[in-house]
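The values are calculated or read from the model by the stated rules, or taken from the named source; none is laboratory data. Everything numeric here is computed off the predicted structure, so don't read it as measured data. Methodologically, a virtual Cβ is constructed for each residue, glycine included, from the backbone with ideal geometry; neighbour enumeration extends over all protein chains shown. Side chains are part of the model used for accessible areas, which takes the heavy atoms of the whole protein and leaves out ligands, DNA and RNA. Shrake-Rupley method; radii C 1.70, N 1.55, O 1.52, S 1.80 Å.
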Amino acid sequence: MSTGLKKTTPDGCENSLSPEIQQEKIDEVRRLIGPQSGKLALYCSDASISRYLRARNWNVKKAVKMLKATLKWRLEFKPEEIRWDDVAVEAETGKIYRSSYKDKYGRPVLVMRPRCQNSKSIKGQIKYLVYCMENAILNLPQDQEEMVWLIDFHGFNLSNISIKVTRETAHVLQEHYPERLGVAILYDAPKIFEPFWMVAKPFLEQKTANKVKFAYSDNPNTTKIMDELFDMELVESAFGGKDDADFGITKYAERMREDDKKIPSFWKTDGYPAATPPPPVIASPSVQNSNSEPDSDELSDVQAEKSSSRGEDDESLPVKNS
């Protein structure tokens, strides 16, 4: 598992804080979450902690709260233990799959097709979504930490979507995979999607919503967006590319089973400390100030926790592609 601290984003934007201040904040977060062991210690790399800090605008207190919630979730959900055969039924229609190509920044691409929804199990959909996220992370190059979503809206209708699934999806992605989305391109979304988007958008943090781009096959600007991001010779024809091949579950299953073999070494903890000792406290005014900031989003955090509570699968609602 990569532990390097990423200094820049794909668009070349550098973090506003100096590397020294960033490191001080990372060390402070590690001290406040306390010693971790095994896979959780491996998860709490500098790069990982940095993503939580960036997601909370470098506010240490809020980043600690967010990271602790993720550590609890990972301990219970065990995302690194999900394997292809656990989710294959959800995957067979190709509603979500990792493409064989990356974008020009080396980011893995997850293709999503809402029309291919084949399940009414919310738990099953979320489990498959988590598997896809973990698989994309498994295939990140050393210097990259983001991914791209391409969402194909051809054949879409309102029976493909559910507010409940959308809310749970947004919660899992934003709270437990912060700063992993580079851009999401919604391709040829129909007019009937617009009211749903207006309802769903409030579930997204503004930073996430800003990464969502609408593209249309009859709009010349779309060509520019896609050409800047991709080698269009490799992209599916549904997105204006040159690849006419259809999704094939048999071949894809083979790819995923091969990827599953890499997971143990990715999460290898041999020789790793039983528990990571917290670093010494650094008397930094910037860190102390960050800790003393009022937790202005306390109410929204509570609301998010309430909205994300998992109950029984709700089969009375139409289900959205996860």
query = Among the residues of segment 118-152 satisfying the criterion of being polar (S, T, N, Q) and touching a residue at least 40 places away in the same chain (Cβ under 8 Å), which is farthest from residue 222 (Cα to Cα)?
reply = 121
key: In segment 107-131, the residues that are farther than 17 Å from residue 185 by Cβ and either among the small types (Gly, Ala, Ser) or in a strand (DSSP E or B) (or both)   = 119, 121, 124
query = residue 202 passes all but one of (1) of a type outside the set (Ser, Thr, Tyr); (2) open to solvent by less than 80 Å² (accessible area, probe 1.4 Å); (3) within 24 Å of the chain's Cα centre (by Cα); (4) within 24 Å of residue 156 (Cα to Cα); which number fails?
reply = (2)
From the options 67, 129, residue that is modelled with pLDDT of 95 or more and either among the acidic types (Asp, Glu) or closer than 27 Å to residue 199 by Cβ (or both) = 129
message = Let me spell it out: the conditions are (1) closer than 30 Å to residue 163 by Cβ; (2) open to solvent by less than 30 Å² (accessible area, probe 1.4 Å), and residue 210 meets all of them except one. Which number is the exception?
response = (2)
task = List every residue pair whose Cβ atoms lie under 6 Å apart, where the two residues are 6 or more positions apart in sequence or sit on different chains, the first residue falls within segment 185-211 and is free of Cβ contacts under 8 Å to residues at least 12 places away in the same chain, and the second residue, located anywhere, is open to solvent by 60 Å² or more (accessible area, probe 1.4 Å) and not in a strand (DSSP E or B).
result = 209/201
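Take the residues in segment 256-272 that are in contact with a helix residue (DSSP H, G or I) (Cβ under 9 Å, 6 or more places away or on another chain) and open to solvent by 60 Å² or more (accessible area, probe 1.4 Å), then tell me which one is modelled with the lowest pLDDT.
Per the criteria, the residue is 272.
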task = Output the residues belonging to segment 223-241 that are over 21 Å from the mean Cα position of the chain (by Cα), open to solvent by 10 Å² or more (accessible area, probe 1.4 Å) and not charged (D, E, K, R).
result = 223, 225, 232, 234, 237, 238, 240, 241
request  = Go through the residues of segment 31-44 one by one and say whether even a single one is in contact with a strand residue (DSSP E or B) (Cβ under 7 Å, 6 or more places away or on another chain) and part of a loop (DSSP other than H, G, I, E, B).
outcome  = no
note = Output for Cβ contacts, cut-off 7 Å, separation at least six or different chains, first residue open to solvent by less than 20 Å² (accessible area, probe 1.4 Å) in segment 32-57, second in a helix (DSSP H, G or I) and among the acidic types (Asp, Glu), reads none
key: All positions within segment 212-239 that are in contact (Cβ under 8 Å) with a residue 40 or more places away in the chain and either at positive phi or of a type in the set (D, E, K, R) (or both)   = 228, 231, 236
note = The number of residues in segment 58-74 that are open to solvent by 10 Å² or more (accessible area, probe 1.4 Å) and more than 18 Å from the chain's Cα centre (by Cα) is 5
ask   = Which pairs have Cβ atoms under 7 Å, sit 6 or more apart or on different chains, and link a residue in segment 101-116 that is open to solvent by 30 Å² or more (accessible area, probe 1.4 Å) to one that is among the hydrophobic types (A, V, I, L, M, F, W, C)?
value = 102/109; 104/229; 104/230; 115/156
query = Would a scan of segment 152-175 turn up a residue that is open to solvent by 20 Å² or more (accessible area, probe 1.4 Å), of a type outside the set (Phe, Trp, Tyr), at positive phi and over 10 Å from the mean Cα position of the chain (by Cα)?
reply = yes
